[in-house]
1. Give all pairs with beta carbons closer than 8 Å in which a residue from region B:1-16 that is over 13 Å from A:Ala128 (Cα atoms) and within 7 Å of chain A (Cβ to nearest Cβ) meets a residue that is in a loop (DSSP other than H, G, I, E, B) and of a type in the set (A, V, I, L, M, F, W, C); count only pairs at least 6 apart in sequence or on separate chains.
2. Considering only residues of region B:161-183 that are in a strand (DSSP E or B) and either under 32 Å from the mean Cα position of the chain (by Cα) or over 18 Å from B:Gln111 (Cβ atoms) (or both), which is modelled with the lowest pLDDT?
3. How many residues are surrounded by fewer than 15 Cβ atoms within 10 Å (Cβ to Cβ), aliphatic (A, V, I, L, M) and within 37 Å of the chain's Cα centre (by Cα) when one looks only at region B:104-141?
4. Identify, please: which residue in region A:74-83 is away from every other protein chain (no Cβ under 11 Å) and surrounded by fewer than 24 Cβ atoms within 10 Å (Cβ to Cβ) and is, among those, nearest to A:Pro144 (Cα to Cα)?
5. Residues in region B:90-103: is at least one surrounded by fewer than 10 Cβ atoms within 10 Å (Cβ to Cβ), over 30 Å from B:Asn159 (Cβ atoms) and within 30 Å of the chain's Cα centre (by Cα)?
6. Where residues in region A:109-128 are farther than 28 Å from A:His65 by Cα and of a type in the set (Gly, Ala, Ser), which of them is farthest from the other protein chains (Cβ to nearest Cβ)?
7. Only one of A:Asn99, A:Asn167, A:Asn173 is within 15 Å of the chain's Cα centre (by Cα), over 24 Å from B:Ala13 (Cβ atoms) and not hydrophobic (A, V, I, L, M, F, W, C); which?
8. Within region A:132-186, how many residues are touching a helix residue (DSSP H, G or I) at 6+ places or on another chain (Cβ under 6 Å), in contact (Cβ under 8 Å) with a residue 40 or more places away in the chain, not in a strand (DSSP E or B) and not β-branched (Val, Ile, Thr)?
Amino acid sequence: MRKRLMPAVPAWRRGHCRLALSHGAVAALRVDERWFGAARKAAPQLAQRLLPDFATAAADELAAHLAATLDEVGGKGLPVYATFDDELVRYFIVTPPQNGARMQDLRAAAGVRFQMLYGEPASAWHIAADWQAGGPFVACAIAPRLHTALQLAVKMRRGCLVAVAPNFVAAWNRWHRRLASDAWLATLQCRTLTVGLVTGTARRARIGAVRTLALPDERPPLVWLREQLERAALLDNVAPPAVLHVHGPQIAAWQQAASDEPGIAVRWCTTGNAAAPALALSSISAVGTVDAASSVGAVASPFAQTTPLSALAQLAWSGAAP
Amino acid sequence: MKRLHIDLAPFSARRLLYRTHPVVRWLVLVALVLCFVAGLRAQKLLARLDSLEREAVHIAERTAQAARVRVSVARTPIDAKQATVVNAAIARLNLPWDDILNALEAATPHQVALLSITPDASRALLRIEAESSSSEEMINYLTALQQQPLFGRVDLVRNELAKDRTDGVLRFQIEAQWRRAAP
């Protein structure tokens, strides 16, 4: 009787899954919470998997891979928080029409703006935005195949998609309270820096543009960063920032010189949850690596316990979360 | 700096549940439990109110029935003979003794001695027997009685001179009709 009843109540398990999707790979992280006392938080389960090319693979195939990844961490029936890598997302700013009265007008304006910027029909993309009728707003477009695959996979595992956000949006929502009006926020992921340019002053400050900078090498010097930021500020006709808050893996060269030199300073947004560094050293039961040599599918293999979290796992950890 | 409201997750009730703060979730649960308790209590009170209302209706019905019974008693026709007999008995019992005696006392002077008074309730008649030393006093007594508001007609029925004593005493009988009080 007990055995028959137990599988029927996975909803009583507390915990959630965090998914991170990037080009050709997915990482899933299961975080368990006990009913009483956060101190007894168990070590998260991690699984990573290579994905077929998004451009050619069907949504069903992608969904099957995502579902398999969820299975590896035992995320059946759990709420899922998904984060998209910034490379998968196209950010743009939409200015609402003057005579716009309805939501359809805003949608049409976003579609036209997308087509103007990227030269592709907006119908082939899934557009989500922070819809505002009173002023320019941030919009982002994502391949609908990826979006559908994610929904399908979570549905197949009887889970629930609680939050799905691009990395920059998740980071902004996490840190926007701590940003001064002369500070910008950037997310760093795999040699790509996504910078949100802030225009306006004090209370009227808003994101004026979202620019993507490709890092020339693994650790570019601070001078390069300052040049790039000043150039971006000039291009968008905004004042360069005093501080750049970076969300992502730390680069030592940027941090050391930040304190004594004049110019744009760089500060790191360390995740509010202090468990992240400890996580890397704690026992992870199923650690897989995204290895180019390993075939798609069988990736989960027990690894050394001290392996630090991969970039994608970091993204899953620090992205959309409750 | 404002929050960016960008979320690609589809809307669902379960998602809403996960997105609410645990404190809010507990508060909602507590509120639901309180609502349930309040509902139970309200139901109990309403049931009590219902029973009280039913009781009130019952009591009202009984009172109405009782009133109807009383009315029906009043409406039953009474036998004419019985009625006269009962009325006579009541009239006999309802002699205005106080008024009669007061009126007599007020009208009787010292010179007249009352021997007897006999009321006849059926005819509202008072038969008075009295003595006086002279006929003048008797006449005065009659007029004094007539002046009393209680008495209507006052007749001298008979008079005789008593001869058993040395000085002649006039013995006389008066019939006085008193006015019945309006029922």
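1. These pairs meet every condition: B:Met1/A:Leu179; B:Met1/A:Ala205; B:Arg15/B:Ala9.
2. B:Trp178
3. Qualifying residue count for the region: 1.
4. Going through region A:74-83, the residues away from every other protein chain (no Cβ under 11 Å) turn out to be A:74-76.
Subsequent filtering for residues that are surrounded by fewer than 24 Cβ atoms within 10 Å (Cβ to Cβ) retains A:74, A:76.
Numbers: A:Gly74: 26, A:Lys76: 24 Å.
Applying the filter and picking the extreme gives A:Lys76.
5. Quick first cut of region B:90-103, residues surrounded by fewer than 10 Cβ atoms within 10 Å (Cβ to Cβ) only: B:93, B:97-98.
Cutting the leftovers down to over 30 Å from B:Asn159 (Cβ atoms) gives us B:93.
Checking which are within 30 Å of the chain's Cα centre (by Cα) leaves us with B:93.
Yes, the conditions are met somewhere in region B:90-103.
6. Ranking the candidates gives A:Gly119 first.
7. Numbers: A:Asn99 fails: within 15 Å of the chain's Cα centre (by Cα); A:Asn173 fails: over 24 Å from B:Ala13 (Cβ atoms).
So the residue among A:Asn99, A:Asn167, A:Asn173 that is within 15 Å of the chain's Cα centre (by Cα), over 24 Å from B:Ala13 (Cβ atoms) and not hydrophobic (A, V, I, L, M, F, W, C) is A:Asn167.
8. Residues in region A:132-186 being touching a helix residue (DSSP H, G or I) at 6+ places or on another chain (Cβ under 6 Å), in contact (Cβ under 8 Å) with a residue 40 or more places away in the chain, not in a strand (DSSP E or B) and not β-branched (Val, Ile, Thr): 8 in total.
The values are calculated or read from the model by the stated rules, or taken from the named source; none is laboratory data. Keep in mind that what you see is a predicted model, and the values were worked out from it rather than measured. Please note: Cβ atoms are built from the backbone with ideal geometry, for glycine as well, and neighbour counts cover all protein chains shown.
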